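Report on one structure; see the data block that follows.
The values are calculated or read from the model by the stated rules, or taken from the named source; none is laboratory data. For clarity, every value in this text was computed on a predicted model and none was experimentally measured. Note: ideal-geometry Cβ built from the backbone for every residue, glycine included; neighbour counts use all protein chains shown.
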Amino acid sequence: MSSGSEIIIHLKNLRFFAHHGLYDAEKQNGNEFELDVSIAFQHPAVKILRINDTINYATVHDMIKTEMLKPRELLETFLDELAQVFKESYPQITKIDLTIYKLTAPIPGLDGKVGVQLKKSYI
């Protein structure tokens, strides 16, 4: 295997209900959120044959579910803290790309969704 290559795992269009938000109504009533996650790491020098040789996307999903239960006022804060959780659990991570969308933002007349993206590189 080439040591110059990387592997990227993706979890896309994940849906969660949570109580993130700046306004009291958001904190009380909650909202629907959609999350996209891409996590990169250096391809190991050996063939990947075991789940411990890679990043387990089921575990990543569980981490997201846990973090979604902790309300934050800002989506930027949520993404920063989620990236930190991933990096602590998987030190081999070289890049993280996270995007979260609030599907019904409290903006009069908005017909769409709003979101925040965080890209981090650890190399």
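The set of residues in the range 90-121 that are out of contact with any helix residue (DSSP H, G or I) (no Cβ under 7 Å at 6 or more places or on another chain) and within 19 Å of Thr54 (Cα to Cα) comprises Tyr90, Pro91, Gln92, Thr94, Lys95, Asp97, Ser121. Has the range 67-75 got at least one residue that is charged (D, E, K, R), surrounded by 15 or more Cβ atoms within 10 Å (Cβ to Cβ) and in contact with a His (Cβ under 7 Å, 6 or more places away or on another chain)? Among the residues of the range 67-75, at least one is charged (D, E, K, R), surrounded by 15 or more Cβ atoms within 10 Å (Cβ to Cβ) and in contact with a His (Cβ under 7 Å, 6 or more places away or on another chain), which makes the answer yes. Residue count for the range 93-114 satisfying the condition of being of a type in the set (Lys, Arg) and either closer than 18 Å to Pro71 by Cβ or surrounded by 15 or more Cβ atoms within 10 Å (Cβ to Cβ) (or both): 2. Any residue at all in the range 34-51 that is among the hydroxyl-bearing types (Ser, Thr, Tyr), surrounded by fewer than 16 Cβ atoms within 10 Å (Cβ to Cβ) and farther than 17 Å from Lys95 by Cα? Scanning the range 34-51 turns up no residue that is among the hydroxyl-bearing types (Ser, Thr, Tyr), surrounded by fewer than 16 Cβ atoms within 10 Å (Cβ to Cβ) and farther than 17 Å from Lys95 by Cα. Do we have Val85 as closer than 16 Å to Leu11 by Cβ, of a type outside the set (S, T, N, Q) and either more than 16 Å from the chain's Cα centre (by Cα) or modelled with pLDDT of 95 or more (or both) here? Yes, satisfied.
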